[in-house]
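Everything on this sheet refers to the single structure shown next.
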Amino acid sequence: MKRAIEKNLISINFYNPRDFTTNKHNKVDDYQAGGGAGLLLNAQPLLDTLKKIKNKNKNIYFIFPAPAGKTFIQADAKRLANKEHIVFVNGRYEGIDERVVETYADEVFSIGDYILTGGELASCVMSDAISRNIDGVLGNKESLSEESFENMLIEAPSFTKPAIYENRSIPSEFLKGNHAKIINLKNEMAKLKTKYFRPDLYLHAKCKKEK
Ligand code: SAM
């Protein structure tokens, strides 16, 4: 991402809701209405921050990282690479006053079924996955089409040289130079690897193919 920024392929800005507070101590958090453990990011500073961003550019796409969201997947990374401006709205503490989410969220994504301390890491994960799908960000464009989750399969196992290391050898077909056969073998290995590591994905791919 550093190189992508240097090449002007992407740019990243930050907004601090604290700069938009109207209270004396620039507080951005508060106790939950109705009780409950922990603090929430309250509505006013965030709503004002997002309003200002939206007024500057109507095409902004707001993504809220949250455990409640749908799981972020590779297809989302590819689709969102076509958006011109994305703003990630990161929660902290127990999260964000729901009215902010209701007013501004274009999409809500979780990066997995576990709880992070804040949305920043989730936003970094999604930004990285999205950015590498933008033209020019990756040195080798082909690596995108050969990666896991393309055709709903996990990528086939890969090896480097030497062909034998500590008595473990790589598939001999890889050394014979017949590219059609190598592609065939890789495809079969990708299916087996998916079946073993991600039976859910394998079943999904199989059902889709049979339809
Ligand atoms: N109280 C919330 C709940 O139970 O759903 C958890 C809040 S969490 C401690 C604080 C913030 O971290 C969230 O508002 C969200 O921005 C981010 N976050 C935590 N886990 C996440 C996940 N799995 N995926 C995406 N964002 C997450």
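Of all the residues in segment 152-172, those that are under 30 Å from C207 (Cβ atoms) and surrounded by 13 or more Cβ atoms within 10 Å (Cβ to Cβ) number 6. From the list G119, G95, the one residue that fits, being touching a Lys or Arg at 6+ places or on another chain (Cβ under 9 Å) and buried (at least 16 other Cβ atoms within 10 Å of the Cβ), is G119.
In segment 189-203, is there at least one residue being assigned to a loop (DSSP other than H, G, I, E, B) and under 21 Å from A77 (Cβ atoms)? For segment 189-203, residues assigned to a loop (DSSP other than H, G, I, E, B) and under 21 Å from A77 (Cβ atoms): present. A single entry from K186, K181, K141, K176 fulfils the requirement of being of a type outside the set (S, T, Y), away from the ligand (no atom under 16 Å from the Cβ) and surrounded by 14 or more Cβ atoms within 10 Å (Cβ to Cβ): K186.
Among the residues of segment 3-21, is there at least one that is out of contact with any helix residue (DSSP H, G or I) (no Cβ under 8 Å at 6 or more places or on another chain), acidic (D, E) and within 18 Å of S127 (Cα to Cα)? Looking for residues that are out of contact with any helix residue (DSSP H, G or I) (no Cβ under 8 Å at 6 or more places or on another chain), acidic (D, E) and within 18 Å of S127 (Cα to Cα), one finds at least one in segment 3-21, hence yes. Checked against (1) over 25 Å from the mean Cα position of the chain (by Cα); (2) within 14 Å of the ligand (Cβ to nearest atom); (3) crowded, with 16+ Cβ neighbours inside 10 Å, A37 meets all criteria but (3). G69 falls short on exactly one of the conditions (1) surrounded by fewer than 17 Cβ atoms within 10 Å (Cβ to Cβ); (2) under 14 Å from the mean Cα position of the chain (by Cα), and that condition is (1).
None of the figures in this text is laboratory data; all of them are computed from the coordinates on show. No experiment lies behind these values; they were computed from the predicted model shown. Reconstructed Cβ throughout: ideal geometry from the backbone, glycine too, with neighbour counts over all protein chains shown.
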